[in-house]
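To start, the structure under review is shown below, and the notes come after it.
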Amino acid sequence: MLKELDPRSKVVLSGVLATLAVFFNHPFYLLPLLLFTLVLLPFFDCRPLQLILRMRRLIMILLGLMIIQSVFYPGDTPLIEIGTWTLATLEGLLQGLSLVLRLFIILGCGLILSSSPPARFVQGLVAWALPYELAYMVSLGIRFLPLLREEAGDVFTALQLRGVDLKRMPWVKQLRIYRSLFFPLVTMAILRSKQIALSMEARAFRAFPRRTFLHSLQLKTPDYATMIISLSAGVSLIFLYFRGLI
Amino acid sequence: MGLKATNIHFRYEKKQPLLLENINFSIERGECLALLGPNGSGKTTLSKILIGILKPEQGEITVNGKNLKNLSLAQIGEQVGYLFQNPNRQLFCSTVEEEVSFALQFRETKSETGKEKVDHLLGFFGLDHLRGKFPFTLSQGERQRLALAAIMALEPPFFILDEPTTGLDVRRRKELLYYLQKLLQENRGILLITHDQKFAEEISSKKMELKDQSFSEGVGRC
Ligand SMILES: Nc1ncnc2c1ncn2[C@@H]1O[C@H](COP(=O)(O)OP(=O)(O)OP(=O)(O)O)[C@@H](O)[C@H]1O
Ligand SMILES: [Mg+2]
């Protein structure tokens, strides 16, 4: 199972995918790349369909972005014209499409990365000589976000249970409520992060320059295979792309 | 009528065994049901099902004859006041006073009576001197009292209190007991989740125990 790969292999694999996504600048290349990423995902125990359902809103925003891109991007092949004024061009549309595809590929890379627990990541990064504190901060940050979301979710439930029907409220009123929540939520987050810092130090974080880990990390054959294959495939694809051979 | 649960089944994940299996009970107005059980037996989970945060796999809940499924969280909130196990999770205003008056702002109460009610609640829960403070800088016990005061402002007919006595000192505990008794006299129903056997015995007329995913109901004073 690819899920069991060393986090470092996952970093290399998703790094290559993301790099390709940035270099490629046409849906013609980006679409196959996205399909490939989507095919990979189930092997990492991620379900792309579920993700798409959960992120309906974000996808709507992205589509909006795409439309805006295609309107403002200069191009020569008009698609829609009003009088003498070109509203959208083929180049613009392709550009917008590329942007969306690219974002999705990068999202997929994020999913691949998140199939390892954050603690394993820290370990992998440290094995690559990244300072421990830095690596830990990164992983803590990743873990902090869902926590915040959960907390905000609870607050919204509490809010509604106190008789506020957000869905039936005019949006001006809704906005006022969101605004009034902002300050307490942020303060809450700051207080919480202070608490985490304190309890980490109370548990001897950074008391010694080196540390040991509960589980040891070892690169195995599948890891080497993954890294070598993805790196060489990535390099040759980029080479071919810029030579105009594909 | 009352708050009624029939045949509730629940689990967090499909593959796991049931956490709650075939739970049945009802609370009438004017009575208090104590819900007891060891850590992790599903008391908080059951309470979340009762106010519609979690959906049961099977079974239904009715409040005054209305199925919970057809009510929005806000409508449920008007019927059932819920005290979270962790009071931090249900405080979201900038000052203590705002926190208590929050629910009233969205109701067609006259501001005079609203103010009176807030003053009364603040006084009763001993929060008068903390009016202008940020709720998160209060002590644990003060926060617990504030959360209680905030849900009492709505005056719903039913209350679900998830361990309301944690963090309260002896005096506050006694005062809470007195307050709950008053609520019962006002013909409100209470579901009390607690580890405090003595407190439960002093106030409740029925008790229900969740054990390793099974439960028993004993009726009568215990
Ligand atoms: N969101 C969740 N997802 C998965 N499992 C959960 C979740 N919340 C609680 N559980 C599990 O469900 C079980 C019951 O939890 P619950 O909080 O209902 O217990 P409780 O009876 O309230 O315990 P306590 O006396 O400690 O408050 C626990 O084993 C807990 O690990
Ligand atoms: Mg609990």
request  = Could you please find all residues in region B:44-83 being under 13 Å from the mean Cα position of the chain (by Cα), open to solvent by 40 Å² or more (accessible area, probe 1.4 Å) and within 16 Å of ligand 2 (Cβ to nearest atom)?
outcome  = B:LYS48
query = List pairs: first in region A:172-187 and within 11 Å of chain B (Cβ to nearest Cβ), second in a helix (DSSP H, G or I) and small (Gly, Ala, Ser), Cβ under 9 Å, 6+ apart or cross-chain?
reply = A:LEU181/A:ALA152; A:LEU185/A:ALA152
task = Return yes when A:ASP6 is modelled with pLDDT under 90, surrounded by fewer than 16 Cβ atoms within 10 Å (Cβ to Cβ) and out of contact with any strand residue (DSSP E or B) (no Cβ under 6 Å at 6 or more places or on another chain) and no when it is not.
result = no
inquiry  = Filter region B:84-96 down to the residues that are more than 16 Å from ligand 2 (Cβ to nearest atom), surrounded by fewer than 19 Cβ atoms within 10 Å (Cβ to Cβ) and under 24 Å from B:LEU176 (Cα atoms) and list them by number.
reply    = B:THR95
request  = Scan region B:4-38 residue by residue and report those that are surrounded by 16 or more Cβ atoms within 10 Å (Cβ to Cβ) and within 7 Å of ligand 1 (Cβ to nearest atom).
outcome  = B:LEU19, B:GLY37
request  = Any residue in region A:41-62 that's at positive phi: show its pairings with residues that are in a helix (DSSP H, G or I) and at pLDDT below 80 at Cβ separation under 7 Å, as long as the two are six or more apart or on different chains.
outcome  = A:ASP45/A:LYS3
remark   = Of the listed residues (B:SER47, B:SER72), the one being within 14 Å of chain A (Cβ to nearest Cβ), away from ligand 1 (no atom under 16 Å from the Cβ) and either within 24 Å of A:THR157 (Cα to Cα) or of a type in the set (Lys, Arg) (or both) is B:SER72
note = With criteria (1) more than 14 Å from every other protein chain (Cβ to nearest Cβ); (2) away from ligand 1 (no atom under 16 Å from the Cβ); (3) farther than 25 Å from B:ARG145 by Cα, B:SER41 comes up short on (2)
task = Please verify whether region A:158-171 includes one or more residues that are surrounded by fewer than 13 Cβ atoms within 10 Å (Cβ to Cβ), out of contact with any Lys or Arg (no Cβ under 8 Å at 6 or more places or on another chain) and more than 10 Å from chain B (Cβ to nearest Cβ).
result = yes
ask   = Of (1) closer than 30 Å to A:LEU191 by Cβ; (2) away from ligand 2 (no atom under 16 Å from the Cβ), B:GLU21 satisfies all except one. Which?
value = (1)
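The values are calculated or read from the model by the stated rules, or taken from the named source; none is laboratory data. All of these numbers come straight from a predicted model, not from anything done at the bench. Neighbour counts run over all protein chains shown; Cβ positions are idealised from the backbone, glycine included. Keep in mind that these areas ignore ligands, DNA and RNA; they rest on the heavy atoms of the full protein, side chains included. Shrake-Rupley method; radii C 1.70, N 1.55, O 1.52, S 1.80 Å.
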